[in-house]
Amino acid sequence: MKTLITTTILLLALFVTSYAQKSNRPVEVLMIGTSHSYGKKPVEKFDSIINKAYAFRPDAVFGEWLSGDDYDAIPDYWNKATIEKRLAYLKSRPYVDATEADKQIRESYKLLRKHPNFHQVRMKLARALYLKRDFGNAAYQLYRLDRARPAFGDEEKTAYLTILGVPDSLYRNRTNEYHNILFPLIDKLDQDKILPMDSQRHDVAWSEAWGKADSLVRIWEKGLDSTSVDGKRYSALQKRTRELEAAGNKAAQAGMATVAFNSPEGDEYLNIVNFYGARRMFGAAGFPEAALNEMLRQWQFRNDDMAHNVVNRARAAGAKRVVVGVGANHRKIMVDILRTIPGVTVYEFNSYDGK
């Protein structure tokens, strides 16, 4: 009995030590703030972005996707109804799914690593991933099919319609950061997955706070005397916003929008236009400070979740270096949060020197 107790204690100690080491494992993060739409005819220099991220040699790439578990845990959020319609459409296709989806997914990944042109295997994998609510990885597989689709023969066209439905029913956004930066980066790295890090569990409260702040700011604007001290402050803020917008537009026209998004000026512009000046107009008579503070508090909650998801999931996956692609409005706040987490080193895209 004494031997059994001693052995149990030793095993428990080893487990605790192993868990502690894993949970404190150093993680290096390259943060890239991106646009969700680079336009139908983008001039952005995507290759330079991809090459810089590739030089970081990440073990994994994160995107602004919900995990399947996180999606299932949320009763509602801004995109839930749309996703549910797509799931229903997919289930309506005249295709019989495998009885063991997890096994099918594992075997499909293995097969595609050897035979990337087995397009029907990829179609079935994309479907299985989507039905498991692994939307990021389903989108990556659909991206690969989208690139291959122009060369499909009649058999593959018919299979696509049967398994996935009408082309563009599930994959239609070719202007975003995934199609143009993150998915090509995954290809270049010879990886085949994107990790999820988004959080939408605060979305209902966030939407309510945002709506209230928007309404109150609009009312405040209508009653503002432009000749008053507060009116002049607001005019100066609007002037600064126009200057920042003009600089951003100039950068975008030169194919440097992502560089602009990852600059202090880009952070300033997005903070002003997305949060009604944030706290820059605090102190002005009648300005709805409480509503703005609540809006910013809800925004903090989401970004706290996202930053910790990156670190926790990177450590769980054994990834030491990761690239995080995220809408540019999240960039600065996530960088700040990540820098408070022990064991995490953050590199910002513009200042990263490629080492």
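So here's what we get for this one:
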{"quantity": "Convex hull of Cα atoms in the stretch 127-242, direction-averaged projection (nm²)", "calculated": "12.0 nm²"}
{"quantity": "Segment His308-Ala151, length gained on full extension (0.36 nm per residue, minus Cα span)", "calculated": "52.4 nm"}
{"quantity": "Trp65, Trp78, Trp220 arranged by Cβ crowding within 10 Å, fewest neighbours leading", "calculated": "Trp78, Trp220, Trp65"}
{"quantity": "Potential lengthening between Leu161 and Glu245 on full extension [0.36 nm per residue; Cα-Cα distance subtracted]", "calculated": "25.9 nm"}
{"quantity": "Cα-derived Rg to Rh of the stretch 85-133, Kirkwood definition", "calculated": "0.98"}
{"quantity": "If the convex hull is drawn through the Cα atoms of the stretch 68-172, its volume per residue in Å³", "calculated": "103 Å³"}
{"quantity": "FRET efficiency, Arg279 to Asn350 (Cβ-Cβ, R0 30 Å, nearest 0.05)", "calculated": "0.75"}
{"quantity": "Residue exposure sequence - Phe301, Phe349 - by fewest surrounding Cβ within 10 Å", "calculated": "Phe301, Phe349"}
{"quantity": "Euclidean distance between Cα centres, the stretch 145-162 to the stretch 217-271, Å", "calculated": "46 Å"}
{"quantity": "Virtual spin-label span in nm between Glu107 and Val229, 7 Å along Cα→Cβ", "calculated": "7.5 nm"}
{"quantity": "Inverse of mean 1/r across different Cα pairs in the chain, Kirkwood, Å", "calculated": "22.9 Å"}
{"quantity": "Likely footprinting exposure, Tyr140, Tyr234, fewest C-beta neighbours within 10 Å first", "calculated": "Tyr234, Tyr140"}
{"quantity": "Long-range HN-HN contacts of Tyr347 with modeled amide H, under 5 Å", "calculated": "Val29, Leu30, Met31"}
{"quantity": "Centre separation in Å (Cα based) which lies between the stretch 313-355 and the stretch 91-123", "calculated": "32 Å"}
{"quantity": "Length released on extending from Ile219 to Ala290, taking residue separation times 0.36 nm less the Cα-Cα span", "calculated": "24.1 nm"}
{"quantity": "Of Ala126, Ala151, Ala138, the one that fluctuates the most in a GNM where the chain has Cα springs shorter than 10 Å", "calculated": "Ala151"}
{"quantity": "Residues Thr82 and Arg174, FRET efficiency given R0 of 22 Å [Cβ-Cβ distance, rounded to 0.05]", "calculated": "0.75"}
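FYI, it's all coordinate maths here, none of it is from the lab. This structure is a prediction, so every number in the text was calculated from the model and none was measured. Note that each Cβ is placed from the backbone with ideal geometry, even for glycine, and that neighbours are counted across all protein chains shown.
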